[in-house]
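Visitor: The structure under discussion is supplied below as structure tokens; questions concerning it will follow.
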Amino acid sequence: MSTQPTVPTGAEPTHFAFDAESEQQIAVILAKYPPERKASGVLPLLYVVQKQMGRQTGSAWIPRIAMDVVAERLEMAPIRVYEVATFYLMFNTKPIGRYHLQVCTTTSCWLRGSDDVTAACKKATGIRAFGETSTDGLFTLTEVECLGACANAPILQVDDDYYEDLDGPRTLELIEALKRGERPTPGPTIDRLNSAPAGGRRVLVDEAAIKPQGQG
Amino acid sequence: MVKVTVDGIVVDVAPGSSALQACEAAGKEIPRFCYHERLSVAGNCRMCLVEVSGGRKPVASCGFPISNGMQIFTDTEVVRRARRAVMEFLLINHPLDCPICDQGGECDLQDQAFGYGADHSRYRENKRAVTDKYLGPLVKTVMTRCIQCTRCIRFSTEVAGVPELGGVSRGENLEITNYVEKALTSELSGNLIDICPVGALTSQPYAFSARPWELKRTDSIDVCDAVGTNIVMQARGASVLRIVPRINDEVNEEWLADKGRFVVDGFRRRRLDRPWVRVDGKLQPASWADAFSLIATRLKGVPGARIGAIAGDMCDAESLMALKDLMGMLGSPNIDCRQDGARYDTSRRDFYTFNTGIAGIDEADALLIVGSIPRQEAPVLNARIRRRFVDAGRGKFPIAMIGAPNADPTYTAEVLGEGPDTLGKLAAGELPFAEVLANAKNPMIIVGHGALTRPDGQAIAKACWDLAVQVNAIRPDWHGFNVLHTAASRMAGLDLGLVPGPQGRDVAGMLGGGVDVLWLMGADEFAVHDIGPDTFVIYQGHHGDAGAARADVILPGVLYAEKPGTYTNTEGRVQRAFRAVMPPGEAREDWRILRAFSEVAGRKLPYDTIEALRARIAQAHPAYGQVAHTRLGATDTTPPQAGSMAVAATPFHPVIADYYLTHAVCRASPTMETCSGIYVRPATEAAE
């Protein structure tokens, strides 16, 4: 079992350059670090690369040539960038689908039905196992560890957006919407504001109690 | 000093030491994999666990700082159990392939598993397997054996200065790799084999050759460059199978350059193992007696001024002395050890020595390199410069180079200019680096053979000396003028006076019919084809290379592995090598050949034993009286002679075109040939 990224032949681009939008972001990022410590910007810069690849090719991943460009920009050894990029699972070192479906299967989500979410993802996309990309190239399904939104379990992260409080049918619906090219509003998929109780407020309902402090 | 108690033994250790160092000071052996004296502390193998008073858990001693009155326990039940547990974890994914592993018998994991391993494995699941990586033709990888100590990563980043290795992915998937399938671009890559505690990185050319307990070890000196790296020749039967470095903190620490290590498979190829004489234009096998009498006959009636001798770059001091004495007996002033045509003022030893010393680099605080690429000319010395550069910290050891090298020097060096005219600008204070040198306490100037082999070499040397005097680098307690040699025999050759005598001819003068009889002792690195067609050439040496091809008589000499010898490195350190193996066929030690011939020629050299010859050498130069070295300052700041040529403005050229093919032995080595094909040729072709 080797995890040396096996990028499909022909997928590795031969050229990478930051576009104007990325350059703008980079200028903001690098302003945060002293010039001799700019290697600290490697994580945000890799995100910039991944975003740009997503914009340009529809597949948000980081090709090796782009890591070399980052290394050159930050004046660090390329291997140091490879180490960082392969360490963090948020960076895709292989091409992925248009939408990156990241199912949380850690305890809270699992107890709340992440198995149904996974099954729905597989059913809707035709993917058989985690790590695969659907044949239409639209979806890549990944299993991730706790996304830190346990109060809204189970969660499916699509690219950068959290879709919360899912179940099987709502997951199917969400994926169908993505297939149509829509982007449903992220957040809870049930009647709930963020992590507030479902169906509206349950506590502190009496008017006096919500008076701003210092007035009572 | 801090007082620490280790298992009841009270030791004084320097502040800032680690618990592991304290334990070693107390004579306790601490098992370790990731810790290495010359690398940064990683603390990731957890094998060096000890107990510390007041601590609730065992601590990794390699990274644990000591404090006054600390009590360390290295042999308690807790420690033993902790180490056993660590060993069990390490062995979970380590394959049980010791019988087919080249590290077997010298493997840290194997040895320590004897002390801390269990008699069986409790692990029932599948072991992990890792694909092997390509690191070039020298280092073989079996990455499944890797225990991820990261020594190789730290070595390549810190010592070799080529940050090409890293650990990608994480957790169980962590792999040591260069990520891109590309050969490591270091002249020190062989050291990865030594520092790897397991069989993950082993020697490719030596693969499956021998077991360590079969090998006879002989201390020797590397002659592939002028650093004088201390080595051990490991031989089985008549063949040296591998060369590994020997620790000498004054010279090479514990590193060895790739050429010195992997040249070994050239030792028994293309060897001259019997005398040959040219009959009707073709070389025919001959006996020693025939060869000698032929030379003696040819020499009859030839005046001394028409006889010449050129000594090669790998000769030992004994052979050089014997050659010099033989030429003296024959009345010839034509003798030269400078095949590359370098120019020195040999009137004083410090005019042609690396005076600061290799260990002295650690004390320097500014460095100017003139016409030299130390990375290729002396990789181990370059690693020392790099270490000083890294230890000093950002901007504390400024380095500048004159002559633009193609190769990355592995440290930040400001390129001041391309030619020696830059020296004038420095002396005049026109460049900012002049101030850096002037303000430095211990400035160093290294003059390389890219400068000294030019017609204006001596003038450049004088300019460098003058600059050194100007920045107060030449004083009784510090000598900052350094000549970096590339030939192992050069220092001894200059010390023993293998330079043309009065009205003598140098190498160039002996070519083109300048002499009638030319004696080449291991000399192949000059324009052999320019030897006059009527010149009678005697080649005494070990490999059939350029010199032997032109020879009229070939006398088979021996390699540095096959003779006891004295070698002087670029800093003037006199070192002894011993005989590792017997020479092949009828080959004989070079000084014995010269001594035997002198008798045939009727001019017997006055020594019959190597001791007598060494006494003669000690008489010729006092530094050879004992095997020792002291660094000297200088009280006399008189500059060396400038020679007849003024400093020209032409840019410096590198002296080494192909690091892997600089002498006859490496040209006979298939490994060096492969390296040249991988590292050097693509680069030169790309440049064209």
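Visitor: Filter the range B:166-177 down to residues that are surrounded by 23 or more Cβ atoms within 10 Å (Cβ to Cβ) and not small (Gly, Ala, Ser) and give me whichever is nearest to A:Ala77 (Cα to Cα).
Guide: Filtering the range B:166-177 for residues surrounded by 23 or more Cβ atoms within 10 Å (Cβ to Cβ) gives B:166, B:176-177.
Cutting the leftovers down to not small (Gly, Ala, Ser) gives us B:176-177.
On the way: B:Ile176: 15, B:Thr177: 14 Å.
This residue is B:Thr177.
Visitor: For the structure I just gave you, tell me whether B:Phe267 is out of contact with any strand residue (DSSP E or B) (no Cβ under 7 Å at 6 or more places or on another chain) and not aliphatic (A, V, I, L, M). Let's see the steps before the verdict.
Guide: Values: out of contact with any strand residue (DSSP E or B) (no Cβ under 7 Å at 6 or more places or on another chain): no; not aliphatic (A, V, I, L, M): yes.
Here the answer is no, as B:Phe267 does not meet what is asked.
Visitor: Scan the range B:473-512 residue by residue and report those that are surrounded by fewer than 21 Cβ atoms within 10 Å (Cβ to Cβ) and small (Gly, Ala, Ser).
Guide: B:Gly497, B:Gly501, B:Gly504, B:Ala508, B:Gly509, B:Gly512
Visitor: Still on this structure: Which condition breaks for A:Tyr88 when tested against (1) within 18 Å of A:Gly131 (Cα to Cα); (2) within 11 Å of chain B (Cβ to nearest Cβ); (3) out of contact with any helix residue (DSSP H, G or I) (no Cβ under 8 Å at 6 or more places or on another chain)?
Guide: All conditions are met except number (3).
Visitor: Scan the range B:152-162 for residues that are touching a helix residue (DSSP H, G or I) at 6+ places or on another chain (Cβ under 6 Å) and either surrounded by 22 or more Cβ atoms within 10 Å (Cβ to Cβ) or more than 9 Å from chain A (Cβ to nearest Cβ) (or both) and jot them down. Walk me through it before giving the result.
Guide: Quick first cut of the range B:152-162, residues touching a helix residue (DSSP H, G or I) at 6+ places or on another chain (Cβ under 6 Å) only: B:152, B:155, B:159, B:161-162.
Across the range B:152-162, the qualifying residues are B:Cys152, B:Phe155, B:Val159, B:Gly161.
Rundown of residues vs (1) hydrophobic (A, V, I, L, M, F, W, C); (2) within 20 Å of A:His15 (Cα to Cα); (3) within 14 Å of another protein chain (Cβ to nearest Cβ), yes/no style:
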site	(1), (2), (3)
A:Lys51	no, yes, no
A:Thr57	no, yes, no
A:Val70	yes, yes, yes
A:Glu75	no, yes, yes
A:Ile96	yes, yes, no
A:His100	no, no, no
A:Gly113	no, no, no
A:Ala119	yes, no, no
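Visitor: Just need a number here: residues in the range A:163-208 that are among the aliphatic types (A, V, I, L, M) and in a loop (DSSP other than H, G, I, E, B). Steps first, please.
Guide: Narrowing the range A:163-208 to residues among the aliphatic types (A, V, I, L, M): A:166, A:172, A:174-175, A:177-178, A:190, A:193, A:196, A:198, A:203-205, A:208.
This time we only want the ones that are in a loop (DSSP other than H, G, I, E, B), so: A:166, A:190, A:193, A:196, A:198, A:203-205.
So the count comes out to 8.
Visitor: When the residues of the range B:61-100 are filtered to those that are of a type in the set (Gly, Ala, Ser) and touching a Leu at 6+ places or on another chain (Cβ under 6 Å), which remaining residue is nearest to B:Thr144 (Cα to Cα)?
Guide: As a first pass, look at the range B:61-100 and keep what is of a type in the set (Gly, Ala, Ser): B:61, B:63, B:67, B:69, B:82, B:85.
Filter once more, so that each one left must be touching a Leu at 6+ places or on another chain (Cβ under 6 Å): B:61, B:82.
Details: B:Ser61: 27, B:Ala82: 24 Å.
If we take residues in the range B:61-100 being of a type in the set (Gly, Ala, Ser) and touching a Leu at 6+ places or on another chain (Cβ under 6 Å), then B:Ala82 is nearest to B:Thr144 (Cα to Cα).
Visitor: Count, please, the residues in the range B:40-78 that happen to be surrounded by fewer than 19 Cβ atoms within 10 Å (Cβ to Cβ), touching a residue at least 24 places away in the same chain (Cβ under 8 Å) and assigned to a loop (DSSP other than H, G, I, E, B).
Guide: Within the range B:40-78, residues that are surrounded by fewer than 19 Cβ atoms within 10 Å (Cβ to Cβ), touching a residue at least 24 places away in the same chain (Cβ under 8 Å) and assigned to a loop (DSSP other than H, G, I, E, B) number 7.
Visitor: Pick from A:Val28, A:Val69: which is of a type in the set (A, V, I, L, M, F, W, C), at pLDDT 95 or above and surrounded by fewer than 14 Cβ atoms within 10 Å (Cβ to Cβ)? Talk me through it step by step, then tell me what you get.
Guide: Numbers: A:Val69 fails: surrounded by fewer than 14 Cβ atoms within 10 Å (Cβ to Cβ).
Checking each option against the conditions leaves just A:Val28.
Residue by residue, here is whether (1) touching a residue at least 60 places away in the same chain (Cβ under 8 Å); (2) within 14 Å of another protein chain (Cβ to nearest Cβ); (3) in contact with a Lys or Arg (Cβ under 8 Å, 6 or more places away or on another chain); (4) over 29 Å from B:Val251 (Cβ atoms) holds:
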site	(1), (2), (3), (4)
B:Thr150	yes, yes, no, no
B:Glu164	no, yes, yes, no
B:Gly167	no, yes, no, yes
B:Lys182	no, yes, no, yes
B:Asp194	yes, no, no, no
B:Gly199	yes, no, yes, no
B:Tyr206	yes, no, yes, no
B:Pro212	yes, no, no, no
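Visitor: Answer yes or no: is there a residue in the range B:489-501 that is in contact (Cβ under 8 Å) with a residue 40 or more places away in the chain, of a type in the set (Lys, Arg) and closer than 29 Å to B:Ile221 by Cα.
Guide: Let us first name the residues in the range B:489-501 that are in contact (Cβ under 8 Å) with a residue 40 or more places away in the chain, namely B:489-501.
Now narrow it down to the ones that are of a type in the set (Lys, Arg): B:490.
If we keep only those that are closer than 29 Å to B:Ile221 by Cα too, we end up with B:490.
Yes: one or more hits.
Visitor: Looking at B:Val581, B:Val558, B:Val627, which one is part of a loop (DSSP other than H, G, I, E, B), surrounded by 24 or more Cβ atoms within 10 Å (Cβ to Cβ) and in contact (Cβ under 8 Å) with a residue 12 or more places away in the chain? Break it down stepwise before answering.
Guide: On the way: B:Val581 fails: surrounded by 24 or more Cβ atoms within 10 Å (Cβ to Cβ); B:Val627 fails: surrounded by 24 or more Cβ atoms within 10 Å (Cβ to Cβ).
Of the residues listed, the single one that is part of a loop (DSSP other than H, G, I, E, B), surrounded by 24 or more Cβ atoms within 10 Å (Cβ to Cβ) and in contact (Cβ under 8 Å) with a residue 12 or more places away in the chain is B:Val558.
Visitor: Of (1) under 26 Å from B:Tyr660 (Cβ atoms); (2) crowded, with 17+ Cβ neighbours inside 10 Å; (3) within 20 Å of the chain's Cα centre (by Cα), B:Ala317 satisfies all except one. Which?
Guide: (1)
Visitor: Right, here's the next one. Within the range B:96-130, restricting attention to residues that are touching a residue at least 24 places away in the same chain (Cβ under 8 Å) and within 14 Å of chain A (Cβ to nearest Cβ), which residue is farthest from B:Thr150 (Cα to Cα)?
Guide: B:Lys127
Visitor: Does B:Ile176 meet the test of being under 29 Å from B:Gly677 (Cα atoms), within 14 Å of chain A (Cβ to nearest Cβ) and not in a loop (DSSP other than H, G, I, E, B)?
Guide: On the way: under 29 Å from B:Gly677 (Cα atoms): yes; within 14 Å of chain A (Cβ to nearest Cβ): yes; not in a loop (DSSP other than H, G, I, E, B): yes.
It is true that B:Ile176 is under 29 Å from B:Gly677 (Cα atoms), within 14 Å of chain A (Cβ to nearest Cβ) and not in a loop (DSSP other than H, G, I, E, B).
Visitor: Another question, if that's okay. With A:Ala129, A:Ala85, A:Ala119 as the choices, which residue is part of a helix (DSSP H, G or I) and surrounded by fewer than 20 Cβ atoms within 10 Å (Cβ to Cβ)? Spell out the reasoning first.
Guide: Working: A:Ala129 fails: part of a helix (DSSP H, G or I); A:Ala85 fails: surrounded by fewer than 20 Cβ atoms within 10 Å (Cβ to Cβ).
Within the list A:Ala129, A:Ala85, A:Ala119, the selection yields A:Ala119.
The values are calculated or read from the model by the stated rules, or taken from the named source; none is laboratory data. If you're wondering where the values come from, they're calculated on a predicted model, not measured in any experiment. Please note: Cβ atoms are built from the backbone with ideal geometry, for glycine as well, and neighbour counts cover all protein chains shown.
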